[in-house]
Amino acid sequence: MREKEIKFLWGRSGNRCAICKLELTPDGNKETLGEMAHIVAKSEDGPRGDSSLKETDRDKYNNLILLCPTHHTEIDKNYKDWPVEKLTVTKSKHETWVAEQLSTGNISVDKIDNTEFLQDRMSAWNELSRNHIAIIMSLTPLKISGDQIDTMDNSVQTALENAHYRLKNPAQKVNAHHTRPSEFGLVNENFPDLPKRFGHSFHIFRSGHCEYFRELGHDSDRITEMALSRKANINGAEHVIHYFRLAEVIDAGLAWLEQLWVNILPYEYMDFKCTIMNAKNTTLFSYEDDWGDSVFGYPTKSEALIYSDIIYKEHDASLLSLNVLKWVSNCYGLVLQHKFDRSGEYTRPVTLR
Ligand SMILES: [Zn+2]
């Protein structure tokens, strides 16, 4: 759902339910929570979903109606009593009513306050980054003067959604349904498994700053468990992370940022940063086949490891990638000679010990 469609819908509905006229907010309690309901369902088998309306048009303003939770449930549960025509008429009558009431001063529309929503996001974010390892990579223009990127442009949305989790599976792009406008631009964010701290956010800011965030909680849990079950000495570290996982996630982030730079970012020079969050209690594990002779990195001394460099548009992408991975290895007390071996697998670093 695009910001434009959302703004249209909320604005023209006067922030009110089209059926009962209750005033709504995007983050209120259950009764006043505004829900953007589909007139023709998003999928074929949903309420009123059997329609010739194209799938790409189903998230647009014309197919959405703003309702309170009670009436959203009502129209979807008793969809036979609420056919497409009836909903379309209800919506258009409601919007006419809103326009009349506004012009005669009978109602006013409060500016939507989403502070609470943003605070919730912030605490979820802090919670995510506290206990497990996360990667943040970003490109920042050196000079920022006002908004530089139109994040509502289709090409920007496409560029955002070309991000993928793993390089090994280039077909697996981020799910476009998780794209939404944010306070500063456009974000695709999904933390499906909050307790296990696993998920991502890909962000394009209007200022031109682009950010990639991957939480590796799930992977580090699995590998820590495996290491402990085999009585491996993890040198006081709380979590073990697999070098290949980290390398692949970093490479996927780099590939995405590069692609953004080539396609939508109009800068010659940018500040590149790669941060490994919560690195202190994490040890890097690089050799999976033979645990008897396993190679572990040291736990690092710093809470966050930061690689930072100014790069220019025609930089050597493969060299940057190798430098970042060498830096990762060095931070954990490992030495990396090459990025890939002859069969194209990530090269296992060797420990300095
Ligand atoms: Zn209602």
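Where a number appears in this text, it was derived from the coordinates with a stated rule and is not lab data. None of these values were measured; they are calculated from a predicted model. Quick reminder, even Gly has a Cβ in these numbers, built from the backbone with ideal geometry, and neighbours come from all protein chains shown.
As a rough footprinting exposure proxy, the listed residues LEU228, LEU22 were ranked by other beta carbons within 10 Å of their own, and the order from fewest upward is LEU228, LEU22. When +1 charges are put on Lys and Arg Cβ atoms and -1 charges on Asp and Glu Cβ atoms, the dipole computed for the chain relative to its Cα centre reaches about 180 debye.
Where does helix 3-12 land angle-wise versus the long Cα axis of the chain, in degrees 0 to 90, nearest 10? Value to nearest ten degrees: 30. When only Cα pairs below 8 angstrom with a gap of at least 6 residues are kept, segment 1-111 shows a relative contact order of 30 percent.
Only Cα pairs under 8 Å and 6+ residues apart enter the sum, and on that basis the relative contact order of segment 161-261 stands at 23 percent. Working from Cα pairs under 8 Å separated by at least six residues, relative contact order for the chain is 13 percent. One-quarter of the Cα convex hull surface for segment 3-103, in nm²? Quarter of the Cα hull surface area: 6.3 nm².
The value for segment 115-331 of Rg(Cα) / (2.2 N^0.38 Å) is 1.04.
Among the listed pairs LYS93/LYS173; LYS231/LYS273; LYS173/LYS273, those with a Cα-Cα distance over 31 Å are LYS93/LYS173; LYS231/LYS273.
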